[in-house]
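Quick notes on the structure that follows.
Every number here is computed from the coordinates shown, using simple stated rules; none is lab data. All values derive from a computational prediction rather than experimental measurement. Note: ideal-geometry Cβ built from the backbone for every residue, glycine included; neighbour counts use all protein chains shown.
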Amino acid sequence: MVVALGISGGIAAYKACEIIRGLDRAGVEVQTILSRGGAQFITPLTLQTLSRNSVLSDRITPGEGGAVRHIDLTRRIDVFAVAPATANFLAKFARGIADDFLSTFYISVTAPVVLAPAMNSRMWDHPATRENLAILKGRGARIIEPETGWLAEEEQGVGRLADPDRIVQAILDEAGRSSQLKDLHVVVTAGPTREPLDPVRFLSNRSSGRMGFALASEAARRGARVTLIAGPVDLYTPRGVDRIDVETSSEMRKAVFESKAGADAVIMAAAVSDYIPPRSDRKIKKSSAEIDLRLSRGPDILKELGETRGSELLIGFAAETDNLLDNARAKLTGKNVDFIVANDISVPGIGMEAVDNEVTILDREGNLHPVPRASKEEVAGRILDHVLAGRSR
Ligand code: CTP
């Protein structure tokens, strides 16, 4: 197992020594990357001695093949960690600024990222830092929150680098997870569908697609081959994910059935329209005070998957405003699936359109597994832990 450990400029840089020791003890090869700021606090010789490896930094001379080496290293590592991560480096990572070795390395990495920030509490609380952290979390980086205590500025507050043991553990967890779903093919649907009435109008719903995208992103990070079938959403394609864009429920159905051959799991996180309006090729002009819309039933993709299932695992969602668990249970058996992720969409701040979620996972044996409120990225991780862990081939 190989970990690249970035060390940026903060008084906590000396604690990187303990992190290297902890990783070394766990049998991990550590390749350190020291920023210019980091080098003000700790010497390359210390890091080299502890890691028994050369130190990468901005000071590479052309003869050393540094540029090639950094790309080569990004392919070899299981985790990229930065501890301490300063506010400046969080900002550079969030915005993709690559003006030194460490930030250039970040933007080249596909491995899971663990960031352990350390800074003054005012910098930690600043909206700029909050925003950068949200962006990084959204991309799936694991943030090891700093602790509260005495800071270097002789004041108390949050901002002290997390305990090195905690950081080591988080790095080991991430490294273990990066191959957890290796060789699995997972199909995920996300977002709403759009059912056109005419060339300008459509029926749709409030789904943002974030939950499905977070699941796809997390599954890819854990080594799965992921096909993401997305309704119309305004989200970037997660790294390492094959995306198929669709608009209507029947297009989604077709894409799901085409992609699921040989898949190990299908996760239906999309909010598929149940009813379809008649479609006019010409724009509907206003003529009378009222018009009638007669909607017909569209395909129930998950139900069809359940009726025609092979060995693949089927995971559905249940978006409910009332009788959450009863309705979710009915969907579990009615659609013949392995798990239903129940989502109470009547609670403000979670579920549809929201950044956070809070769900209960139901299985066929009648067990309930609550996942407490957290960002959709974190909830995605907990869902995959529960439904896919141990399934690798
Ligand atoms: N689903 C589907 N096709 C549909 C409707 C839903 O595949 N036409 C899937 C969803 O992706 C989700 C699960 O079925 O995984 C449950 O979706 P939900 O909207 O909660 O329930 P419905 O089956 O539509 O039932 P109702 O709207 O009556 O609650």
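Structure notes:
- For the range 106-209, alpha-carbon Rg and Dmax in angstrom: 20.3, 66
- With helices as the sole contributors, the chain gives -9500 deg cm²/dmol at 222 nm; each DSSP H run of n ≥ 4 counts as -39500 (n - 2.57), and the sum is divided by every residue.
- Dipole of the range 235-373 [Lys/Arg +1, Asp/Glu -1 at C-beta], most positive-end residue of MET252, LEU302, VAL266: MET252
- Under the simplified labelling scheme, the ARG95-GLU18 pair shows an inter-label distance of 3.3 nm, with each label point 7 Å from Cα along Cα→Cβ.
- Positive minus negative residues near PRO199 (Lys, Arg vs Asp, Glu; Cβ under 14 Å): +2
- The relative contact order of the range 2-177 comes to 23 percent, based on Cα pairs under 8 Å that sit 6 or more residues apart.
- Cα gyration tensor shape of the range 256-393, rounded if a/c is under 1.5, else prolate or oblate by comparing a/b with b/c: prolate
- Full-stretch length increase - GLN156, GLU29 - with 0.36 nm per residue and alpha-carbon distance subtracted: 42.2 nm
- Fluctuation leader among GLN169, GLN180, GLN156 - the chain, Gaussian network, Cα springs under 10 angstrom: GLN156
- Residue-wise HN-Hα couplings along the range 127-133, as the Karplus relation 6.51 cos²θ - 1.76 cosθ + 1.60 with θ = phi - 60° gives them from phi, are x, 5, 5, 4, 5, 4, 5 Hz; Gly and Pro carry x.
- Using θ = phi - 60° in the Karplus curve 6.51 cos²θ - 1.76 cosθ + 1.60, the 3J(HN,Hα) couplings for the range 43-52 round to 8, x, 5, 4, 5, 4, 5, 5, 8, 6 Hz; x is entered for Gly and Pro.
- Here the simple spin-label model places points 7 Å from the Cα toward Cβ, and for ILE291 and GLU365 these points are separated by 5.4 nm.
- Note, ³J(HN,Hα) from phi for the range 236-246, Karplus 6.51, -1.76, 1.60, rounded to Hz, x at Gly and Pro: 6, 6, x, 4, x, 10, 8, 10, 10, 8, 10
- Counting all C-alpha pairs of the range 154-237, share separated by more than 21 Å (%): 55 percent
- Values of log10 I(q)/I(0), in the order q = 0.32 Å⁻¹, for the range 179-220 under a Debye, Cα-only, solvent-free model: -1.05
- Remark: the Cα gyration tensor places the chain in the prolate category, a/c being 1.5 or greater and a/b exceeding b/c.
- A simple charge model with +1 on the Cβ of Lys and Arg, -1 on the Cβ of Asp and Glu and nothing else charged puts the dipole of the chain at about 860 debye relative to its Cα centre.
- Normalising the average separation of contacting C-alpha pairs (under 8 angstrom, six or more residues apart) by the number of residues puts the relative contact order of the chain at 11 percent.
- Estimated FRET transfer efficiency (ARG206, THR308; beta-carbon r; R0 41 Å; 0.05): 0.90
- Cα-based shape type of the range 2-177, given that a ≥ b ≥ c are square roots of the gyration tensor eigenvalues and the cut on a/c is 1.5: rounded
- Taking GLU155, GLU18, GLU29 in turn, the Gaussian network model of the chain (Cα-Cα springs below 10 Å) assigns the largest fluctuation to GLU155.
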